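Peer 1: Here it is: the structure, laid out below.
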Amino acid sequence: GPKVLQIPSHQIIDMGQMVTLNCDPVSNHLYFYWYKQILGQQMEFLVNFYNGKVMEKSKLFKDQFSVERPDGSYFTLKIQPTALEDSAVYFCASSHGTGSNTGQLYFGEGSKLTVL
Amino acid sequence: QQKVQQSPESLTVSEGAMASLNCTFSDGTSNNFRWYRQHSAKGLEVLVSIFSDGEKEEGRFTAHLNRANLHVSLHIREPQPSDSAVYLCAVCGGSNYKLTFGKGTLLTVTP
């Protein structure tokens, strides 16, 4: 099936540093998402992005978070500065549309972020 | 705010026996329900999506939706050891792109 690729698979950084998580979505998809999963907890919606803009974000999407997809390249999640509570697995997803038929989300394998 | 709860937390079945997983949700206006599974350290694999009351089958996976009872279930026919994974229920509310996930059911299929 369609593949969403995430880079890196695992990153360890010191608190206060900046991190960028990269996502290569399915090629003809137009909608992009980030979800966060803390170990042992539910996966939670962070943000979705369409046509160069954030469409909706949750309260988990702190001011230190930003997303962009410059010139159709990677869809990125940047955290600057990082905090201990940002340690989690971040899943990228993409979909072609948002309807019942076109809104099927395809997920990547996740980027595990460890903040020390 | 949408709440999605799954039961049981874990389930062990023998190879070939039917496996049944449950999911309840709180928002009766939800219109889009999906079951994913997640093998250890892997991404999410979509299994079946259902949008109206009744049944939807995708291969060995069948989802049943009863919106009046705020309940959606997943039944796995003839499960194999390779089906051992965490199964996640996800519910969409008014905006189809915003999924609310349950905590998952850990399914173990023994030979």
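Please treat every number below as a calculation from the coordinates, not as lab data. The structure presented is a predicted model; accordingly, all values stated were derived computationally and were not measured. Neighbour counts run over all protein chains shown; Cβ positions are idealised from the backbone, glycine included.
Peer 1: For A:SER58, B:SER84, what's the fewest-to-most ordering of other Cβ within 10 Å of each Cβ?
Peer 2: So the ranking, lowest neighbour count to highest, is A:SER58, B:SER84.
Peer 1: At a threshold of 8 angstrom on Cα-Cα distance, excluding pairs fewer than six apart, so keeping six or more, what relative contact order does chain A reach in percent?
Peer 2: Contact order relative to length: 37 percent.
Peer 1: Turning to a different aspect of this structure: Write down Rg/Rh for chain A, rounded to two decimals, with Rg from the C-alpha atoms and Rh from the Kirkwood relation over Cα pairs. Please list the in-between numbers first.
Peer 2: Working: Rg = 13.4 Å, Rh = 14.1 Å.
Reported Rg/Rh, Kirkwood definition of Rh: 0.95.
Peer 1: Still on this structure: Starting at the first residue of the range B:71-80, write each ³J(HN,Hα) from the Karplus equation 6.51 cos²θ - 1.76 cosθ + 1.60 with θ = phi - 60°, in whole Hz, x for Gly and Pro.
Peer 2: Computed from phi, the couplings for the range B:71-80 are 9, 9, 10, 10, 10, 10, 8, 6, x, 10 Hz.
Peer 1: Report, in cubic angstrom per residue, the convex hull volume of the C-alpha atoms of the range B:19-111.
Peer 2: 88
Peer 1: Now for a separate question. Once the other residues with Cβ under 15 Å from the Cβ of A:ILE12 are scored (Lys, Arg +1; Asp, Glu -1), what is the net sum?
Peer 2: After counting each charged neighbour, the total is -1.
Peer 1: To the nearest 20 Debye, how big is the dipole of the protein assembly as shown about its Cα centre, given +1 on the beta carbon of each Lys and Arg and -1 on that of each Asp and Glu?
Peer 2: My answer is approximately 280 debye.
Peer 1: Give me the aspartates and glutamates in straight-line cross-link reach of A:LYS62: C-alpha distance below 20 Å, same-chain residues under 8 apart excluded.
Peer 2: Cα-Cα hits under 20 Å: A:ASP14, A:GLU44, A:GLU85, A:ASP86.
Peer 1: Please flag any cysteine in chain B that has no other cysteine's Cβ under 4.7 angstrom from its own Cβ.
Peer 2: B:CYS92
Peer 1: Please give the FRET efficiency for A:THR20 paired with A:GLU56, using the beta carbon to beta carbon distance and R0 = 30 Å, rounded to the nearest 0.05. The partial results should precede the final answer.
Peer 2: Details: r = 22 Å, r/R0 = 0.72.
Calculated value: 0.90.
Peer 1: If the convex hull of the alpha-carbon atoms of the protein assembly as shown is projected onto planes in all directions, what is the mean projected area in square nanometres? Before the final figure, lay out each step's value.
Peer 2: Values: hull surface 48.1 nm².
With the hull built on Cα positions only, its mean projection is 12.0 nm².
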